[in-house]
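Here is the structure we will look at.
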Amino acid sequence: MTDATPARRRRRRRLHPSGVVGAALLAVLLAATLLAPWLSPRGPSEVDLRRRLQPPTWAEPLGTDELGRSTLARVLHGGRVSLWVAVVTVLAAAAAGGALGTLAGAAPGRLDGLLMRLVDALLICPPLLLALVIVGVLGPGLWPAAIALAVAEAPVFARLVRSVILTTRELPYVEAAVASGARARRVLLRHVVPAATGVVVVQATVTVGFVVVALAGLGFLGLGVQPPTADWGDMLARARDHLPGAPWLMLAPGAAITAAVLGANLLGDALRDALADRGGAAAGALAGRRPASPRPTRGRGRPA
Amino acid sequence: MVAYLLARLGGGAVSVALLLVVVHGLIAAAPGDPLVALLGPGVLGVPEAQRERMRSEAGLDRPWPQQAAAYLGAVLRGDLGTSRRSGRPVAEELRDRLPATAALAAAALTLALALGLIVGVAAAAFARSWLDPLLTGALLLGAAVPVYWTGLLLLYAFSLTLDWLPASGGGGWRHLLLPALSLGLASAAPLARVTRAALLDALAAPHVVAARARGLSRPSVLLRHGLRNALAPVVTVAAIDLGRMLGGVVFVEAVFGWPGLGHLAVDAILARDLALVQGVVLVTAVAVLALGLLVDLAYLRLDPRVRYR
């Protein structure tokens, strides 16, 4: 960012190596959860009271919990909940928010104004707190938690997509499409909305990290997954109860969450840089989550 | 300037009102009898005729827009309703818990700013040595660690194993240190990354090259000519981060049993005490807006070219 050379080099290479590392990290984690039954000899709910709270051994590389269940099996199977549900949640948030943003961007001024006031109002509430409110309404559980997080993250996508639509529809090629007699709907869906794909993908990637933490966090608070289903957050909550004696219980689930977030952040940052190098109307839309406010004219540093 | 301030305050008030209406609507749309949601399942033992009267006294028989308007009116008069869990006014419950969370957030932000600035400046100052990739890597990892895991690790190390600090509860600075550190570490990493990037940007400016050419000392160039110009984006990120941090408060308070608003919110949700939940949303929204305004005012000091009209 300080000079043009790295940017040009990056453009040729397309994705920064750190992004490839992030993608690989995510792929390994997702694959491990899918292969859970083959990677771990025991099932996640297999109770064995003779082997309670055992430290790591060759047979049980991550130790056992208070019911003698295998921590390895629970981390791997827990990922199916914590990781896959997070991915689905982000897809839902992107789809719902994107649709709302498209509607606002295409709608006449008054409806747009109303929708955006609503979105801005939701954005002043931290997403996690908004999710907590919705869980409070729906009651605890995995799917309520996922729905809550999808609703809480959707406004970010709505703002993003709307801003891209507003800048894109002023571009000459859109004018050309209108002039060539394409119907408004076709212009919107075929020529304007696709311009938002890049930013939505970047935002979605970064959001996966946040949602993994929040979903596991809701499990940690007892508001997400209900026992006996394994989940990284619920595992950490149980680990806390056995803390002085059985520290190994908290290592694997915490490390798994960290690895997932690290992967999503690395990939998201690299995608964002690649998108910024490509330039275009969309790249500027990703500056921050806060509703627009006056910013100083220079020195907008992006994180390295 | 005064007009700008008034416009910001007015806009903020409208946003908070809208948020409260949305949350009120969510709660009204909840499945189940709203009277039960308001007063608890005990109300089902009351005869139907009496329940009908309670319903009309609480305004639950009126259409939702009227209920929402009545709720907003009550909030404007300072009446946030009654907590179903404790039977006390919500405003009182919030007042009891707010200081603990404010102390936690302030301590965490101070730690995050101090740590973030020091590490970010160090990484930028040694941008061409082995230290920078090391720090950058550590920051990437630091930004990925979930705050409740940091909390558990600190709890295990410093209170359960070394027995230096208390593990749980509210109280003096000894109780505050570990929760503040958990939260602060989580926010320090993104701050340090922005500081590094903004400082590198600022150091490439011609006036910095000129300062260096005049023979000014390295620290002076770095801090007075570089960092001074890099602070505006750092403050922006600090503000965005603060919103996230306010979310993280919920987890940290749960790990350490810190008696603040986050703890209150979780207890309220587990008890489905929705008036109390709404109160927490109100306090948080006002805090977020106030901080945003403070940040925009801070720009005036940090960058004299900024003007608000």
**OP:** Scan the range A:128-176 for GluC sites (Glu not before Pro) in coil per DSSP, keeping those whose Cβ has at most 11 other Cβ atoms within 10 Å, and list them by number.
**Re:** A:Glu170
**OP:** Would you calculate the separation in nanometres between label points at B:Asp96 and A:Ala99, each defined as 7 Å from the Cα along the Cα-to-beta-carbon direction?
**Re:** 4.3
Original post:
Between the range B:39-87 and the range A:139-168, what's the alpha-carbon centroid distance in Å?
Top reply: 31
Original post:
Using a simple spin-label model with points 7 Å from Cα along the Cα→Cβ vector, what separation in nm is obtained for A:Ala31 and A:Asp241?
Top reply: 3.6
Original post:
Which whole-angstrom value gives the distance between the alpha carbon centres of the range B:114-187 and the range B:268-292?
Top reply: 27
Original post:
Heavy-atom accessible area per residue, the protein assembly as shown, 1.4 Å probe: how many Å²?
Top reply: 45
Subject >> Spatial separation of Cα centroids for the range A:239-277 and the range A:193-234, in angstrom >> reply: 12
Subject >> Check: the protein assembly as shown dipole with +1 on Lys, Arg Cβ and -1 on Asp, Glu Cβ, in debye >> reply: 2440
Subject >> Computed [θ] at 222 nm, helices only, for chain B once each DSSP H run of length n ≥ 4 contributes -39500 (n - 2.57) >> reply: -24500 deg cm²/dmol
Original post:
Tell me, which residues of the range B:228-251 get at least 10 Å² less accessible area when the other protein chains come in, versus the chain alone (1.4 Å probe)?
Top reply: B:Asn229, B:Ala232, B:Pro233, B:Thr236, B:Ala239, B:Ile240, B:Gly243, B:Arg244, B:Gly247, B:Val250, B:Phe251
Original post:
Using only helices, what value at 222 nm comes out for chain A when you add -39,500 (n - 2.57) per DSSP H run of length 4 or more and divide by the total residues, to the nearest 500 deg cm²/dmol?
Top reply: -20500 deg cm²/dmol
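The values are calculated or read from the model by the stated rules, or taken from the named source; none is laboratory data. If you're wondering where the values come from, they're calculated on a predicted model, not measured in any experiment. Cβ atoms come from the backbone with ideal geometry, glycine included; neighbour counts cover every protein chain shown. The accessibility values were calculated without ligands, DNA or RNA, using every heavy atom of the protein model including side chains. Shrake-Rupley method; radii C 1.70, N 1.55, O 1.52, S 1.80 Å.
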